[in-house]
Amino acid sequence: MINMDELNSDVLECQFSGIGAIVQKANTMNEELIRLEIGDTDYTPPKMLIDAIIEQYQNGKTHYSSFRGEDSLISSICAMYSKKSNLQINPEEILITSGGSMGLYITFKTILSRDDEVIVLEPAWSHFGEIIKLVGGKVSRVGLNPDKDFDIDCKLIEKFITEKTRAIVVNHPNNPTGRIYSKKELNKLIALAKKYDLYIVCDEEYQVFEFDRKLFPIYKMYDKIITIRSFSKTYAMPGLRLGYVLASELLIHEMVKVSLYTNMYNSTLIQAAVAQVMENDKDFPNNIRDEYKRRRDILYEELNKIRNVRVIKSEGGMYLWVDFRKVSMDERKIVELLRTRGKIIIVPGSCFGESGRGFARISLSADVKILREAARKIQMCIEEMLT
């Protein structure tokens, strides 16, 4: 008989994602729903990527890759940073990973020892905290102020720093709020990290979705900054699992060990195909960004018509962050009523931490016609709650 007490305590401490539970429940519902809970695009990968996968398969790209990743992909990433951000990245500063989540795991496994603490700025994707716990670290959650648009508050963050603190996690464009932090905010955060000799782990998963403000890349501004990105949203390919870590050459050398003995190698085929697309398809990422900005503008306008509802206009990302606090009802109950009455699935803000209470995240991954219908149903349900 299996004794749970004999299992790894770090694994037992981890919790399944609240968003995952919502997705699983929706998958079992035998009725027509408007699904606005998932962090996936409704696009298919560009034809050029599909063609490149076939071509690379025919070229025999089915064998092991090198430890850090395919040279062609690493070179394409270096070229992209040079052209877009005027940053000169050395190939030795890049580790290819099987998606952004594996990049996070490898990062935390490399920089944390048992019971080291990591500050996570909330609202935040719940996986940050669970991955930290999985590698034996401790999570220190700092809830940013919703009435100050969740600005980075370095004075507040400093109060949570202890002798065990090793890193601060920042995510922008932020999931769920859509914030793209200003250069001024990020410079203050870097100064704080330098003061206490802390790592900054910067998750830029949604970097392709820049709407009203350009993402300010902080990599290279401090030698203890680690940046993590993936291609999941850039080319609508989350199921193909490909991402990368940027870090100092010294850190990457150690991260390769973790990668080798966990993930071992990434798909040579997918790496080569993505490298080929990066060289030749400049339109797809821009087109998907422009379409999501259009959807954001339309849904933002529609939802702002609803009494007692305030919508945060996302500066980037794939979501709208909606403030239901003036509805005077727990947001989890609001989300449940929207599911049962409106047949709409969205995510309660509490899934992203205590500072998310009273809010909800709505995905933009649906056709404009569906988003308008969702807004109409949300308005109908909220009016019922207010009467």
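Computed from the coordinates by the stated procedures, all read-outs in this text should not be read as laboratory data. In this text, all values refer to a predicted model and were calculated from it rather than measured experimentally. Glycine also receives a Cβ, built like all others from the backbone with ideal geometry; neighbour counts cover every protein chain displayed.
Which FRET efficiency value, to the nearest 0.05, do you get for Thr387 and Asp290 by plugging their Cβ-Cβ distance into 1/(1 + (r/R0)^6) with R0 = 51 Å? Write out the running numbers ahead of the final one.
On the way: r = 39 Å, r/R0 = 0.77.
The computed FRET efficiency comes out at 0.85.
Given points 7 Å out from each Cα along the Cα-Cβ axis, report the Glu210 to Asp10 separation in nanometres with one decimal.
Distance between label points: 3.6 nm.
Only four residue types carry charge here, +1 at the Cβ of Lys and Arg and -1 at the Cβ of Asp and Glu. Report the dipole size of the chain about the Cα centre in Debye, rounded to the nearest 20. If you can, show how the numbers build up before the last one.
Details: 54 positive and 54 negative charges, 203 e Å.
Dipole size: approximately 980 debye.
Ordered by residue, what ³J(HN,Hα) values in Hz, to whole numbers, does segment 240-253 give under the Karplus form 6.51 cos²θ - 1.76 cosθ + 1.60, where θ = phi - 60° and Gly and Pro are x?
Listing the rounded values in order: 8, 6, 8, x, 7, 10, 10, 7, 4, 4, 4, 5, 4, 4 Hz.
What 222 nm value per residue comes from the helices of the chain, counting each DSSP H run with n ≥ 4 as -39,500 (n - 2.57) and dividing by all residues, nearest 500 deg cm²/dmol?
Values: 13 runs with 160 residues, N = 387.
When only DSSP H runs of four or more count, the value is -13000 deg cm²/dmol.
Given the options His253, His63, His127, which has the most mean-square fluctuation in a GNM of the chain, springs set between C-alpha atoms less than 10 angstrom apart?
His63
If you count, for each residue, the other Cβ atoms within 10 Å and average over each peptide, how do 304-311, 324-331 line up from highest to lowest? Write out the running numbers ahead of the final one.
Working: 304-311: 15.2, 324-331: 16.8.
Descending packing order for the listed peptides: 324-331, 304-311.
Expressed in nm to one decimal, what extension gain is obtained for the pair Glu158 and Lys369 from 0.36 nm per residue of sequence separation less their Cα-Cα distance? Show your work: numbers first, answer last.
Details: separation 211, 0.36 × 211 = 75.96 nm, distance 4.55 nm.
Working it through step by step, the gained length comes to 71.4 nm.
Using only the Cα atoms of segment 165-249, what do you get for the radius of gyration and for Dmax, in Å?
Rg then Dmax for segment 165-249, in Å: 13.2, 40.
Reachable aspartates and glutamates from Lys148, Cα under 19 Å, same-chain residues fewer than 8 places away excluded?
Those aspartates and glutamates meeting the cut-off are Glu122, Glu158, Glu185, Asp212, Glu315, Asp323, Glu354.
Calculate, axis by axis, the spread of Cα positions in the chain along the three principal axes, and write the results as whole Å, longest axis first.
62, 57, 52
Quick one: net charge around Met48, please, counting Lys, Arg +1 and Asp, Glu -1 for every other residue with C-beta under 12 Å from its C-beta.
Values: positive: Lys47, Lys282; negative: Asp51, Glu55, Glu279, Asp281, Asp283.
Result for the neighbourhood of Met48: -3.
Would you mind putting 355-364, 14-23, 191-200, 262-271 in packing order, based on average other-beta-carbon counts within 10 Å, highest first?
On the way: 355-364: 23.9, 14-23: 14.7, 191-200: 17.3, 262-271: 19.4.
Highest to lowest by the protection proxy: 355-364, 262-271, 191-200, 14-23.
Name the residue, out of Thr44, Thr97, Thr107, whose mean-square fluctuation peaks in a Gaussian network model built on the chain with Cα pairs under 10 Å.
Among Thr44, Thr97, Thr107, the largest GNM mean-square fluctuation belongs to Thr44.
Of Ile106, Ile131, Ser76, which is farthest towards the positive pole of segment 51-132's charge dipole, taken about the Cα centre with +1 and -1 on the beta-carbons of Lys, Arg and Asp, Glu respectively?
Of the listed residues, the answer is Ser76.
I need the trypsin sites (Lys or Arg not before Pro) found in segment 5-81, filtered to DSSP loop residues with at most 11 other beta carbons within 10 Å of theirs.
Working: sites: Lys25, Arg35, Lys47, Lys61, Arg68; in loops: Lys61, Arg68.
Here no loop site has a sparse enough neighbourhood.
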